[in-house]
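Engineer: Below you'll find the structure I mean.
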Amino acid sequence: MVTQLILMGLLSLCSLSSSQECNSELKVNLDFPGTDIARLYSPDVMHCQRLCTEHPSCLFFTFIRSDWTRDDGHFHCYLKSTSSGQPNVESPLLGVTSGFSLKSCSPVPQPCLSEVYQDVDFLGADYRALFTSDYEECQRACTEDSGCQFFTFVLKDFRSESIRYKCHLKFSFSIPRTPIVERTAGLVSGFSHKTQMSQNFNTACQNQLFPGTDIPGQDNQVLSAASPEHCRALCSAHPRCNFFSYVSDNFNCYLKTNVHDMVMKAKVGVTSGIPARFCQLDNNWIKVSHEGVDFRGSDIRNMLTDDAQMCQRICTEDPNCQFYTYVNENFFNSGYWRRCHLKRVITMPAPPKITKLDNVLSGFTLKNCPTDV
């Protein structure tokens, strides 16, 4: 009972401080120069603000709009932070819009990105292409495809006749990825129990993991993962991943794309497997605490807690927290003992690059939108 009261108190304090700091104002033609921590791409200022909200460290931002005329920096979204939480400088500048993270605004629902963008190309991240009669059908194809997060459609007046009406489906991870996983004595790491790692299906997946087995070559991407099951969830989310190999010594998760054959070789310390496509993954691995493991970086904030169990509960109850690391008494530096570090990464659809291009149209999946949108 005492533990529950402490937990409720910590969450209440976090909620109270957040609600006092919420600032959704957008400042048109005003720049927050300097203090950049990342540069990403956004098609509009609302998307940029959401990127800032989901980035663990971003407190405010400046977005370069499509009407910017100084150079080709359109669609750049500059994420920013200061120790004070406020911009050091505010300067008038045509063609930009600035604003603040919505982390402290509660609740912050998943965005419905229903806008489409004329003469804008979401460049890269393609995994499938098809021809559709119009952009609406292309957007429906993206919405109904579990791997698609955004698309670009080639309009009928595009200069190259052979690719007119072509619909490019594109991917970005919509599930949390732990950027760095390391062995560190005295630390305990884990996930929010509310983390969503897969779609909901009625049929349970078979356990297609092969311990002591490697599938060499054909690597598409290397990610960090806490376990073979975490690696399988990442592979299952990626539409081009056909199988994977996970190395327990360094926590590397190798996503592989070979569609012709799958050659297995015995190898100690490696677990390979097959993704789940149309079945429900067993997500019990999310509830596992990893002793002696650090999910380094991506901190939202930290606080003192009694133990790793309380840290996990706080992460689960915090809508912004996706995973955590707790410092116990075995850590070499006693100054960090009992610190609970709450963490998150960006999971909203995020094109790797956005450019101007005549006679194309781009947009996002409508999976997070009401059915009448």
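Engineer: Going through PHE122, PHE153, PHE173, PHE158 one at a time, which residue ends up being hydrophobic (A, V, I, L, M, F, W, C), touching a residue at least 24 places away in the same chain (Cβ under 8 Å) and touching a Cys at 6+ places or on another chain (Cβ under 9 Å)?
Structural biologist: PHE153
Engineer: Could you please find all residues in segment 318-372 being touching a helix residue (DSSP H, G or I) at 6+ places or on another chain (Cβ under 7 Å), within 20 Å of GLN139 (Cβ to Cβ) and in a loop (DSSP other than H, G, I, E, B)?
Structural biologist: MET348, ALA350, THR365, LEU366, LYS367
Engineer: Among the residues of segment 247-274, write down those that are outside any loop (DSSP other than H, G, I, E, B) and exposed (fewer than 14 other Cβ atoms within 10 Å of the Cβ).
Structural biologist: Of segment 247-274, the ones outside any loop (DSSP other than H, G, I, E, B) are 247, 252-256, 265-273.
LYS265, ALA266, VAL268, GLY269, listed by residue number.
Engineer: Mind checking which residues of segment 70-98 are hydroxyl-bearing (Ser, Thr, Tyr), touching a Ser or Thr at 6+ places or on another chain (Cβ under 9 Å) and not in a strand (DSSP E or B)?
Structural biologist: Hits for segment 70-98 are SER81, THR82.
Engineer: Output the number of the condition that THR325 fails; it satisfies all remaining conditions of (1) farther than 27 Å from CYS77 by Cβ; (2) free of Cβ contacts under 8 Å to residues at least 60 places away in the same chain.
Structural biologist: It is condition (2) that THR325 fails.
Engineer: Can I ask one more? Among VAL181, VAL89, which is the only one that is loosely packed, with under 14 Cβ neighbours inside 10 Å and among the β-branched types (Val, Ile, Thr)?
Structural biologist: Criteria check complete, one pass: VAL89.
Engineer: Just the residues that are farther than 22 Å from TYR246 by Cα and surrounded by 15 or more Cβ atoms within 10 Å (Cβ to Cβ), please, taken from segment 275-306.
Structural biologist: Once the filter is applied, which keeps residues that are farther than 22 Å from TYR246 by Cα and surrounded by 15 or more Cβ atoms within 10 Å (Cβ to Cβ), segment 275-306 yields SER298, ASP299, ILE300, ARG301, ASN302, MET303, THR305.
Engineer: Continuing with this model, one more query. Only residues that are within 19 Å of ILE354 (Cα to Cα) and in a strand (DSSP E or B): list them for segment 99-123, please.
Structural biologist: VAL116, TYR117, GLN118, ASP119, VAL120, ASP121, PHE122, LEU123
Engineer: Moving on. Somewhere in segment 161-172, is a residue farther than 27 Å from TYR41 by Cα and not assigned by TED's automatic domain parsing to the domain that holds SER334?
Structural biologist: Checked against the condition, which is being farther than 27 Å from TYR41 by Cα and not assigned by TED's automatic domain parsing to the domain that holds SER334, segment 161-172 yields at least one hit.
Engineer: Can you tell which of ILE286, ILE314 is in a helix (DSSP H, G or I), touching a helix residue (DSSP H, G or I) at 6+ places or on another chain (Cβ under 9 Å), in contact (Cβ under 8 Å) with a residue 60 or more places away in the chain and farther than 22 Å from SER172 by Cα?
Structural biologist: So the residue among ILE286, ILE314 that is in a helix (DSSP H, G or I), touching a helix residue (DSSP H, G or I) at 6+ places or on another chain (Cβ under 9 Å), in contact (Cβ under 8 Å) with a residue 60 or more places away in the chain and farther than 22 Å from SER172 by Cα is ILE314.
Engineer: Inspect segment 326-338 for any residue being crowded, with 22+ Cβ neighbours inside 10 Å and either in contact with an Asp or Glu (Cβ under 9 Å, 6 or more places away or on another chain) or under 23 Å from TYR246 (Cβ atoms) (or both) and give the result as yes or no.
Structural biologist: Within segment 326-338, one or more residues are crowded, with 22+ Cβ neighbours inside 10 Å and either in contact with an Asp or Glu (Cβ under 9 Å, 6 or more places away or on another chain) or under 23 Å from TYR246 (Cβ atoms) (or both).
Engineer: So, THR371, is that one hydroxyl-bearing (Ser, Thr, Tyr), under 27 Å from the mean Cα position of the chain (by Cα) and modelled with pLDDT of 90 or more or not?
Structural biologist: Taking the combined requirement at face value, the residue does not satisfy it.
The values are calculated or read from the model by the stated rules, or taken from the named source; none is laboratory data. Bear in mind the structure is a predicted one, so any value in this text is a computation, not a measurement. Note that we place each Cβ from the backbone using ideal geometry, even for glycine, and neighbour counts take in every protein chain shown.
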